[in-house]
Each structure stands twice: as C-alpha cells, then as structure tokens.
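Let me begin by presenting the structure, written as structure tokens, before commenting on it.
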Amino acid sequence: MNALNDAKFLNARDFGALGSDYETPVVCTAGSNAFTVDNIGDFKVGEEVLIIGCNPHFAAEQIFDRRDLSPVNPRKFYHHFPFDEKIEVEGGTSENWVVYMIDIAPGRPNHFRWTKDFCKTWSEEIEIVDGQFAELDGNVRVKINDFEQRHYGCTAVAIACSRLVALIEKIEGNTVYLSKGATASGKFVMQHSDTYHIQQAINAALKEKKSVYLPNGKYRLTGSLYIENATSFTFEGESGVDTILVNELGHLGIERPEGSCFIIRGGTEVNVKNVFMIGNVGCDERYKSGPQPVRGASGLWGFYLNKSNASYVHNTYRVYFENCHARRMSAECFYAQSSWRKAEEEPEEYGRQITYMRCSVEDCARNAFNNNDLAECTSILYCRIQNVAGNSWEGASRFVKIIGCYIRDAGCLAFGNVRWRSPENEKLCTGQHIVSDNYFEGSCIYDQSMIRVGSAATQVIIKNNVFINFKSPAVEVFGEGGKNDIPSENVIVSGNSFDLTAIAGPSEPRYAVRVTTSFVTVSDNQIFVRGDRDDNVTGIIVSDDAERVVIHDNTIVGAGVGIKTETVEGNVGYVVDGKTFYREEKLSTSYTGVGIVPCKPMLLRHRSHRYHGWKLVWADGTESEILDFDPAKLTFTLTEERDLKVGDAFKIYRPAGTKWSIHHNMIDNCTIPESTDSLGGRMTKIDNIIM
C-alpha cells in the first residue's frame with residue numbers, strides 16, 4: 001500500500017510542512033517583531049520562517065588545544081573548550097555564517113594571525129596587547145587575555161551569524177508579526193523553514209506509534225529532525241528524486257550531531273526511505289571541511305564549524321536507509337556512533353544493525369559513510385559513491401559488509417581506526433569486514449590507498465573486487481601508526497582484478513597490494529597494466545616487520561616492479577636509559593594541519609612476539625639486539641647498553657629470517673620482477689615464475 005493512503009502514516013503536509021521555495025523581500029526595524037513583506041504569498045500564521053541578515057550574533061566560540069606527544073606525563077589534551085573570559089569578541093555580520101579562526105603559534109604567545117575563509121588566506125601577524133581589542137575585518141574585534149594554552153599554541157574560533165528563525169504569530173495585510181524580533185534594521189528576504197512542522201509530524205507519529213509520509217517538495221531545514229526512542233518508525237518520502245531536504249545553512253557540530261538532516265537516537269527500529277538531501281560544501285571546496293592548516297591546534301577540521309550531513313545515528317538497535325541520496329555534505333554524510341559490547345558484558349542499548357541499500361553519496365567534502373565506534377553489523381549494499389573528498393567508508397565498527405557498490409574518484413575505505421591500546425580491545429576485536437564484488441574506478445582522492453586496513457582491524461576479507469583504470473594505490477594492510485594504534489592483522493586479499501592502467505593524466509606511483517603487518521594472505525589476484533609497461537606501478541609490497549605473510553598464485557603483468565620487499569625504518573624518541581627508549585612520534589605541520597604521522601616500527605599487540613631477539617641496525621652500521629618490547633609502556637629494551645640519543649635512526653629485522661611464503665606467482669613483462677634486497681627479503685626463500 002502507498003504510504004500516502006496508509007492509515008499507519010501521518011502526512012507531514014497536515015502539520016504545516018509546505019516544501020515551497022517561495023520567498024519575499026522583507027523590511028524590519030531593530031527591536032521590533034513586525035516585518036513588512038512585499039507579497040505575503042503562501043506564508044501562513046503558525047509557520048516557521050527564516051530571515052538572514054536581521055539578527056547579527058555569535059553562534060559559537062571555541063578554543064582548540066594542541067596535543068602533547070610526550071611519552072611521559074603528557075599535558076592533558078582537551079581538544080576544544082569555551083572562550084569563557086580567555087578570549088572576548090565583539091561585533092557581528094549580516095552574512096549567514098562566517099567562521100573566524102584566530103591562530104596562536106607555539107612559542108609565539110604574544111602574536112596571532114586570523115582568517116575567515118578556512119585558511120585560504122591569512123592576515124599578517126598581529127601583536128597581542130593586554131587589555132586591548134584588535135580589529136579583524138571591521139565587523140569583528142577580538143581581545144586575547146592571558147591563559148595557559150596561549151603559551152604553547154592554540155586556535156580560537158568565533159562564528160558570526162545573522163539568521164533569525166521564528167514562527168509567524170499574526171498577519172495583518174503585508175505586516176507579519178514573528179515570535180522573535182530583529183536586532184538589525186534593513187531590507188532582507190523571508191523564506192520558508194519546514195523543520196518545525198516536519199518535527200511536529202514526527203513527534204505525533206512516535207506518540208501514536210505511526211510513521212511519517214513526506215510528499216514531493218523542497219523542504220528547507222533550519223535545524224535537525226529528531227527521531228528518538230522509536231519502537232518501530234518509518235520516515236518515507238514520495239520520491240528519492242523530488243522529495244528534497246535542503247540543509248545548506250551550516251551548523252556547529254564539534255563532536256555532536258547538530259547539522260544532520262536526521263538525528264536518530266535510541267529505540268528499536270527506524271527506517272528512512274526515498275529522500276534526497278542537499279548540504280553546503282561540495283568536493284571542489286573540500287578545503288573548507290578537511291583538516292585546517294593552523295599552527296596552534298591539533299585535530300581542527302573545517303566541517304566542525306560549518307556542518308551539514310545526512311544522518312546521525314546513536315544507539316538505535318536497527319536502522320535501515322533505502323533509496324536515500326546526499327549531495328554537497330560538508331561532514332561525514334551517513335554517520336553513526338554507539339556504545340559497544342565488551343567480551344564479558346553487553347550494554348542495555350547499542351547499535352546492532354545499520355543497512356544502507358541503494359543509496360548514493362556524490363559531490364561531498366567529507367566521508368560518505370562512517371561508524372565512529374564499535375557498533376555491529378553495518379551493511380553498505382549496492383550504493384554509489386562518487387567525487388567524495390573524504391573516506392568512502394570509515395569504520396571502527398564490527399561485522400561490516402560492503403558489497404556490490406560502485407566507487408569512483410572518492411576517498412578510501414578505511415577499516416579499524418580504533419585508537420586506544422587497552423587489552424580489552426584485543427578480547428573482542430574490531431574492524432571485521434567483508435568487502436566483495438565492488439567496482440572501483442579512477443583514483444583515490446583522499447588518503448593514500450583505496451582500501452586501507454588499519455589500526456586494530458582484524459579478520460578482514462577483500463575479495464572479487466574490480467579496479468578499473470586505477471591511478472592510485474589500491475589495497476594497503478598496515479601496522480604502522482601513532483602511539484595509540486594497534487596493528488591490523490588476519491587479512492585475506494584474494495580473487496581481485498587490479499587494472500592499474502593510467503588512461504588520463506600523468507601516471508603516479510602506485511601499487512596493487514602493500515602489506516606492513518602480520519597474518520596476511522594475498523592470493524589469486526590479477527594485477528596488470530594494459531598496453532605499455534608502467535614503471536610507476538608495483539604489484540605487491542611486503543615490509544620486513546610483517547610476519548606470517550603468504551603471497552601466492554598472483555599474476556602480475558606490465559609493472560615496474562613485480563614483488564618488492566621493503567625495510568622498516570624508525571627513530572629513537574624519548575630515552576629512558578642506556579637500554580630503554582620510546583619510538584619517536586611525530587606531529588605533521590603540513591598544509592593538512594597539525595596531526596599525528598603514522599610511524600614505524602609498529603607497536604605490537606599485547607599478544608605478540610614483542611620483538612624478542614630482533615635486531616636494530618643503526619646508521620653507523622652497528623647492531624643491537626632487542627630484549628623486549630612492552631606493549632603497555634611502548635618501550636623498547638636492548639640486551640646491551642648503548643649511547644642512545646633522540647633522533648637516532650635505525651632499521652629493524654628478524655635475524656632468523658622473516659616468516660614469509662612467496663611462491664607460484666607469475667610475473668610477466670615487469671622491469672624488475674623481484675626487488676627483494678631488504679634485510680628480511682635477503683633471508684627469505686622466494687619461488688616465483690618469471691617471464
């Protein structure tokens with residue numbers, strides 16, 4: 001039965017939702033709630049409206065902290081906290097949403113620079129004068145007082161906004177009386193807002209244990225639609241093409257869900273069907289949403305400050321999205337968080353099943369699909385992902401299936417990403433994925449490789465996928481990371497077809513499969529370049545710290561290097577004594593902002609060989625033997641003392657030979673069939689068919 005005629009559905013139109021794009025000029029006076037319009041059109045008493053320009057104010061004020069990577073007693077990292085009286089701002093704007101970033105670099109506590117175009121351009125450095133305001137652009141002034149974070153670097157963000165969202169209380173001729181008054185005089189534009197009315201329909205449906213039907217129309221959202229504690233609820237649009245939610249205003253969404261079209265919390269079952277959603281930042285403007293290249297803060301992402309996305313799901317038992325489509329979303333488009341099950345206990349409420357069926361994400365600035373915690377059973381089925389400047393999927397979750405999708409010129413599928421080293425995390429592991437029967441075309445435009453098996457991921461199967469004219473690295477199974485990362489393990493890469501032919505633009509260095517962690521099988525794959533041999537292509541790479549790796553029965557044709565082994569290089573960080581040291585950790589200060597750089601050698605799991613008996617080869621050619629690696633303290637201990645210094649470079653290898661089995665691979669028309677002169681490769685028997 002059609003939802004329109006189903007008694008179990010409430011029609012959102014009956015609650016005042018219009019889906020109209022009619023707008024009219026409006027004149028107002030500061031301090032008054034009377035607004036004079038040119039033509040009343042289809043505006044009605046009780047309706048929610050939006051006026052941009054008549055209400056200048058600061059919508060948000062946050063200071064972002066800088067991470068301390070010291071291995072011993074690091075300063076507490078707050079990520080972000082309110083201005084309070086640390087920083088003061090005055091002024092405003094007639095624009096919808098302007099993000100001012102005030103950047104204080106480490107070691108420069110008496111100077112700052114600022115930007116309002118997401119770091120595209122910066123002011124010159126400005127001196128901080130105690131007790132005095134500094135003018136930014138004539139609209140906003142800032143006074144920076146003395147506070148702790150100012151002395152080691154931080155970045156402050158002030159968001160100026162001018163929108164007014166209010167209800168029509170009365171209409172007299174061409175005068176509209178709103179529930180809120182203007183704070184600025186002038187001539188602006190009044191538009192429809194449907195958030196309030198659709199929410200009324202949702203609330204009524206939840207109360208009556210019914211569902212909501214939304215007819216075709218263009219519905220402007222000034223806030224999120226909340227579906228909370230539903231027992232069994234469906235939100236169904238008339239059409240996945242013409243039922244449109246416009247979510248383009250921008251919101252503050254730092255570690256919280258504001259800015260989502262749908263916020264789904266708790267409850268048992270929610271279905272969302274046939275909805276087309278539009279946000280505010282496309283792929284070509286990705287700089288507005290990515291990591292911001294500030295000097296003062298760690299982990300400041302642009303989408304925190306101008307957020308639009310399709311959905312946020314938290315702790316709902318099962319959720320189903322079908323024929324839902326998103327464009328120009330600034331943040332993780334379909335996003336979920338959850339409590340999680342531990343090995344010996346299960347929370348009362350957590351996410352146990354999310355399915356995305358025949359959905360699409362195109363022309364978006366950040367991730368297409370994302371589960372940020374250890375929820376269970378996410379399935380992304382027969383979806384399309386194209387021109388997405390973040391991850392196609394970022395999954396810290398368990399028991400994930402990605403099947404039958406088409407992905408072109410988008411960011412990587414990232415598995416794992418659980419960044420804490422608790423032994424609890426190794427009892428009921430995470431990152432279990434099956435990725436099969438997908439098509440990947442073009443290139444990976446965010447992160448290094450198209451499929452990236454990372455921190456803590458285990459039991460991953462990558463099979464029967466097709467890469468077409470692929471110009472980026474394809475699959476990486478890696479163990480390196482930051483000090484909170486656990487190496488991935490137990491991965492099968494089998495039966496895939498890797499066409500690494502660069503048909504448009506220059507050929508870039510790339511590989512089909514790279515392995516830098518243990519317990520990995522790479523088998524029965526076809527890796528090839530059509531036509532002329534391409535020296536930028538490497539078939540399969542394996543590093544010296546990877547144990548129990550099996551590479552067999554692959555076909556590699558037309559590459560620069562067929563199979564390559566690589567050394568593992570690291571540096572000494574904090575030195576405890578002549579025998580004990582921490583591995584060096586690094587913060588990136590590149591154009592992508594201040595972030596943690598993945599480092600080697602990998603910091604092993606608690607259940608591991610702990611590098612017992614492994615050797616370090618120092619830059620001067622001498623060697624040291626490792627007595628132990630402590631997976632809790634993250635310290636390396638040598639059998640004999642050495643004059644250790646911060647920054648000392650070394651290579652690491654297993655002196656008895658690396659546990660690899662590389663055999664019966666057919667390598668044809670490759671410039672270098674085998675490059676196996678790394679420390680581990682020289683001691684491993686490799687038996688391939690070279691043509």
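The values are calculated or read from the model by the stated rules, or taken from the named source; none is laboratory data. Everything numeric in this text was worked out from a predicted model, so none of it was measured. No Cβ is skipped: glycine too gets one built from the backbone with ideal geometry, and neighbour counts run over all protein chains shown.
Residues in segment 73-126 that are touching an Asp or Glu at 6+ places or on another chain (Cβ under 8 Å), more than 18 Å from P293 (Cβ to Cβ) and surrounded by 18 or more Cβ atoms within 10 Å (Cβ to Cβ): F83, I87, V89.
The C-beta contact set for segment 117-138 (first residue part of a strand (DSSP E or B), second residue basic (K, R) and crowded, with 16+ Cβ neighbours inside 10 Å, distance under 9 angstrom, 6+ apart or interchain) comprises I126/R113; A134/K143. The number of residues in segment 355-388 being more than 18 Å from E441 (Cβ to Cβ) and either out of contact with any Asp or Glu (no Cβ under 9 Å at 6 or more places or on another chain) or outside any strand (DSSP E or B) (or both) comes to 14. Note on segment 609-629: residues that are within 37 Å of the chain's Cα centre (by Cα), loosely packed, with under 14 Cβ neighbours inside 10 Å and under 19 Å from E584 (Cα atoms) amount to 0. The single condition among (1) farther than 19 Å from N271 by Cα; (2) more than 17 Å from the chain's Cα centre (by Cα); (3) among the charged types (D, E, K, R); (4) at pLDDT below 95 that R408 does not satisfy is (4). Looking only at segment 58-94, residues that are under 30 Å from the mean Cα position of the chain (by Cα) and not in a loop (DSSP other than H, G, I, E, B) come to 11 in all.
Beta carbons closer than 6 Å, at least 6 apart along the sequence or on distinct chains, pair a first residue in segment 288-307 that is assigned by TED's automatic domain parsing to the domain that holds I254 with a second that is surrounded by 24 or more Cβ atoms within 10 Å (Cβ to Cβ) and acidic (D, E) for V294/D103; R295/D103; G296/D103.
As for segment 554-565, it holds no residue that is of a type outside the set (S, T, N, Q), buried (at least 17 other Cβ atoms within 10 Å of the Cβ) and modelled with pLDDT under 95. Among the residues of segment 204-214, are any in a strand (DSSP E or B), free of Cβ contacts under 8 Å to residues at least 40 places away in the same chain and either buried (at least 19 other Cβ atoms within 10 Å of the Cβ) or not assigned by TED's automatic domain parsing to the domain that holds D137 (or both)? The answer is no; no qualifying residue exists.
Checking the condition in contact with an Asp or Glu (Cβ under 7 Å, 6 or more places away or on another chain), crowded, with 21+ Cβ neighbours inside 10 Å and closer than 23 Å to Q353 by Cα, which residue from S224, S260 passes? Break it down into steps so the answer makes sense when it comes.
Working: S260 fails: in contact with an Asp or Glu (Cβ under 7 Å, 6 or more places away or on another chain).
Of the residues listed, the single one that is in contact with an Asp or Glu (Cβ under 7 Å, 6 or more places away or on another chain), crowded, with 21+ Cβ neighbours inside 10 Å and closer than 23 Å to Q353 by Cα is S224.
Give the residue that is surrounded by the most Cβ atoms within 10 Å (Cβ to Cβ), with candidates limited to residues of segment 9-51 that are touching a helix residue (DSSP H, G or I) at 6+ places or on another chain (Cβ under 9 Å) and in a loop (DSSP other than H, G, I, E, B). Going through the qualifying residues, I end up with A17.
Checked against (1) on the phi < 0 side of the Ramachandran plot; (2) in a loop (DSSP other than H, G, I, E, B), N425 passes all but a single condition, namely (2). Here segment 158-180 is the region considered, the condition is being under 39 Å from the mean Cα position of the chain (by Cα) and of a type outside the set (A, V, I, L, M, F, W, C), and the residue that is surrounded by the fewest Cβ atoms within 10 Å (Cβ to Cβ) is S179. Please determine whether any residue of segment 224-245 is assigned to a loop (DSSP other than H, G, I, E, B), in contact (Cβ under 8 Å) with a residue 24 or more places away in the chain, touching a strand residue (DSSP E or B) at 6+ places or on another chain (Cβ under 8 Å) and under 30 Å from E61 (Cα atoms). Yes, some residue in segment 224-245 is assigned to a loop (DSSP other than H, G, I, E, B), in contact (Cβ under 8 Å) with a residue 24 or more places away in the chain, touching a strand residue (DSSP E or B) at 6+ places or on another chain (Cβ under 8 Å) and under 30 Å from E61 (Cα atoms).
For residues that are among the hydrophobic types (A, V, I, L, M, F, W, C), surrounded by 18 or more Cβ atoms within 10 Å (Cβ to Cβ) and under 15 Å from F303 (Cα atoms), tally how many sit in segment 236-257. Going through segment 236-257 one residue at a time, the tally reaches 2. Among the residues of segment 429-448, those identified as out of contact with any Phe, Trp or Tyr (no Cβ under 7 Å at 6 or more places or on another chain) and either modelled with pLDDT under 95 or of a type in the set (V, I, T) (or both) are C429, T430, I434, V435, I445, Y446, D447, Q448. Would you say A160 is assigned to a strand (DSSP E or B), among the small types (G, A, S) and either more than 22 Å from A182 (Cα to Cα) or not assigned by TED's automatic domain parsing to the domain that holds D68 (or both)? Here the answer is no, as A160 does not meet what is asked. Among the strands (runs of 3 or more DSSP E) confined to segment 536-650, the ones with at least 2 residues that are of a type in the set (V, I, T) are located at 549-552, 555-557, 559-566, 568-575, 593-597, 635-638.
Residue count for segment 653-673, restricted to those that are modelled with pLDDT of 95 or more and surrounded by 18 or more Cβ atoms within 10 Å (Cβ to Cβ): 4. Residue pairs whose Cβ atoms lie under 6 Å apart, separated by 6 or more positions or on different chains, with the first residue in segment 154-177 and farther than 20 Å from A60 by Cβ and the second charged (D, E, K, R) and in a strand (DSSP E or B), are L167/E48; Y177/E169; Y177/K170. Quick one: would you say N39 is within 30 Å of H151 (Cα to Cα) and out of contact with any Cys (no Cβ under 9 Å at 6 or more places or on another chain)? The answer is no for N39.
Which of the residues that make up segment 506-535 are polar (S, T, N, Q) and assigned to a strand (DSSP E or B)?
Filtering segment 506-535 for residues polar (S, T, N, Q) gives 507, 516-518, 521, 523, 525-526.
Within segment 506-535, T516, S518, T521, S523, Q526 qualify.
In a residue-by-residue description of segment 372-394, the property of being modelled with pLDDT under 90, touching a strand residue (DSSP E or B) at 6+ places or on another chain (Cβ under 6 Å) and not hydrophobic (A, V, I, L, M, F, W, C) applies to at least one position.
Hey, does segment 382-391 have a residue that's within 21 Å of V491 (Cα to Cα) and not assigned by TED's automatic domain parsing to the domain that holds L634? For segment 382-391, residues within 21 Å of V491 (Cα to Cα) and not assigned by TED's automatic domain parsing to the domain that holds L634: present.
Only one entry in F478, F519, F467 is farther than 15 Å from L413 by Cα and either over 22 Å from the mean Cα position of the chain (by Cα) or not assigned by TED's automatic domain parsing to the domain that holds G290 (or both), namely F519.
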